[in-house]
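Read through the structure below, which is laid out as structure tokens, and then see the notes.
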Amino acid sequence: MVRGLTTALLMGSSALALPFVDIHERQNTTDCAVQDTYPAVDYAQLPDPFTFSDGTKVATKADWACRQAEISKLLQHTMSVKVTVGSKSVTINTAIKKPSTSPGPAIITIGGSSLPVPATVGTVAFGNDAFAAQASGSSRGQGDFYTLFGNTHSAGALTAWAWGVDRVVDGLVQLGAATTGIDPERLGTTGCSRNGKGALIAGALVDRIALTLPQESGSGGAACWRISDAQHDAGANIQTAGEIVGENVWFSTNLDAYATKTTTMPEDHHMLAALTAPRGLFVIENDIDWLGPVSTTGCMKAGRLIYQGAGVPTNMGFSLVGGHGHCQFPSAQQTDLTTYINYFLLDGATPPGVVEVSSADVDMADWAPWMVPTLI
Ligand code: MCU
């Protein structure tokens, strides 16, 4: 059964809308010293997720919570900390398909789903294009997000979508499982290709998402900028940061300054896994050159090292299977997908095993020289 959910945004005429940095519980801890901005760096390899920007090592679980807050800030340090919405409001319309037994889990789809979603899991369709356009490099500032925050707001479309997904979760929580048929504590998210980039960012920034399923997100998603540049320099036809900032408006214009010198970024996309941890993350990729199979493999293997350090080594899986069209889910990945959905959304008892499947061979010593600590 499909029904409409109208999520009225929680913003009165004088309300303040707080970005993720203020609404995440983990980021509200007063013990963490988080700066508004962080300087550029000079690292050819992937930055160490287990060392604070001031050089202090992450040694305890409390340190890790603070480092997660710092990583969140690094990844979106261009977003204003507080934004006054004033009198502006928008309405997000989402189509809901209830799970076969309700209340039950659901997957918030970003621009639809090209994964097979079992009937036991509902779907909530978030129309990301209307919320923040991704029509071309000229579509910056268009869509509901910018109606709220102004068309010069620095957030790119991916971050804007994540903020919208967070408001959809608010709507599900407020209406409640009895009304929607959806248990807001058992939510996943997915999207493919450009929308897969959105799913990964939403999973990283919205910590009420229990399972993140980015599909074929490639560069700007599961790939790391540094590894993509190295592949490009070696002759691969791969999307780089330098290309992506011109192609579309997925990222803030604040990325432009780093786009042709990615070794100066204080973060890279393995750190998206630092934010989804310890929640479920199953990254699905393809071997299409443009998506960067070596880059997504190396980057997400680094992500799996982060999950190892966070004490949940099998809560993140990576599977790159080629030989099929873009966003055509191959049957070879079905068993692992089912395992992740069963465990994180359907309360299944069997946790995933180690899932690290790829036809690309990456020596992690080249990219992740840092130690994975045992947090105390
Ligand atoms: C993989 O996602 C994008 C890619 O980043 C773009 O360069 C390309 O043009 O489109 C891909 C996509 O979204 O395909 C549907």
Problem set entry | Flag for THR253 being within 11 Å of the ligand (Cβ to nearest atom), open to solvent by 10 Å² or more (accessible area, probe 1.4 Å) and among the polar types (S, T, N, Q) | no
For this session: Among the numbered conditions (1) open to solvent by 30 Å² or more (accessible area, probe 1.4 Å); (2) in contact with a helix residue (DSSP H, G or I) (Cβ under 7 Å, 6 or more places away or on another chain); (3) within 16 Å of the ligand (Cβ to nearest atom), tell me where GLU216 comes up short.
Result: (1)
Exercise. Within the group ALA210, ALA222, which residue is within 30 Å of ALA119 (Cα to Cα) and more than 14 Å from the ligand (Cβ to nearest atom)?
Worked result: ALA210
Problem set entry | Selection count where residues are within 12 Å of the chain's Cα centre (by Cα) and away from the ligand (no atom under 12 Å from the Cβ), scope segment 181-202 | 5
Problem set entry | Scan of segment 61-70 for residues that are under 12 Å from ALA310 (Cβ atoms) and out of contact with any helix residue (DSSP H, G or I) (no Cβ under 7 Å at 6 or more places or on another chain), ordered by number | LYS61, ASP63, TRP64, ARG67
Seminar exercise, completed: Counted residues in segment 284-320 being closer than 17 Å to THR339 by Cβ and small (Gly, Ala, Ser) come to 2
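In segment 256-293, which residues are assigned to a helix (DSSP H, G or I) and either small (Gly, Ala, Ser) or buried (at least 24 other Cβ atoms within 10 Å of the Cβ) (or both)? Even if it seems obvious, please write down each step before you answer.
Of all residues in segment 256-293, those assigned to a helix (DSSP H, G or I) come to 256-259, 262-264, 270-276, 289-291, 293.
ALA257, ALA259, HIS270, MET271, LEU272, ALA273, ALA274, LEU275, THR276, LEU291, PRO293 - these are the residues of segment 256-293 that are assigned to a helix (DSSP H, G or I) and either small (Gly, Ala, Ser) or buried (at least 24 other Cβ atoms within 10 Å of the Cβ) (or both).
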Problem set entry | Single residue of segment 156-176 satisfying the filter (open to solvent by less than 30 Å² (accessible area, probe 1.4 Å) and within 18 Å of LYS97 (Cβ to Cβ)) that is nearest to the ligand (Cβ to nearest atom) | VAL165
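Here are some residues: ALA302, ALA360. Which one is surrounded by fewer than 19 Cβ atoms within 10 Å (Cβ to Cβ) and within 23 Å of ALA241 (Cα to Cα)?
On the way: ALA302 fails: surrounded by fewer than 19 Cβ atoms within 10 Å (Cβ to Cβ).
After ruling out the rest, the residue left standing is ALA360.
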For this session: Collect the residues in segment 312-330 that are under 21 Å from the mean Cα position of the chain (by Cα), open to solvent by 40 Å² or more (accessible area, probe 1.4 Å) and away from the ligand (no atom under 16 Å from the Cβ), keeping them in residue-number order.
Result: PRO313
Seminar exercise, completed: Reported set for segment 66-101 where residues are polar (S, T, N, Q) and at pLDDT 90 or above is GLN68, SER100, THR101
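Restricting to segment 331-350, name every residue that is at pLDDT below 95 and either within 23 Å of the chain's Cα centre (by Cα) or open to solvent by 80 Å² or more (accessible area, probe 1.4 Å) (or both). Walk me through how you get there before you give the answer.
Filtering segment 331-350 for residues at pLDDT below 95 gives 347-350.
Matches in segment 331-350: ASP347, ALA349, THR350.
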Exercise. How about segment 289-301: which of its residues are more than 16 Å from the ligand (Cβ to nearest atom) and either touching a Cys at 6+ places or on another chain (Cβ under 7 Å) or β-branched (Val, Ile, Thr) (or both)?
Worked result: GLY298
Exercise. In segment 326-369, how many residues are under 17 Å from SER113 (Cα atoms) and free of Cβ contacts under 8 Å to residues at least 40 places away in the same chain?
Worked result: 2
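The values are calculated or read from the model by the stated rules, or taken from the named source; none is laboratory data. Since the model is a prediction, treat every value here as computed from it, not as a measurement. Using ideal geometry, Cβ is built from the backbone for each residue, glycine included, and neighbour counts are taken over all protein chains shown. When the accessible area is computed, the model is the full protein with side chains, heavy atoms only, and any ligands, DNA or RNA have been set aside. Shrake-Rupley method; radii C 1.70, N 1.55, O 1.52, S 1.80 Å.
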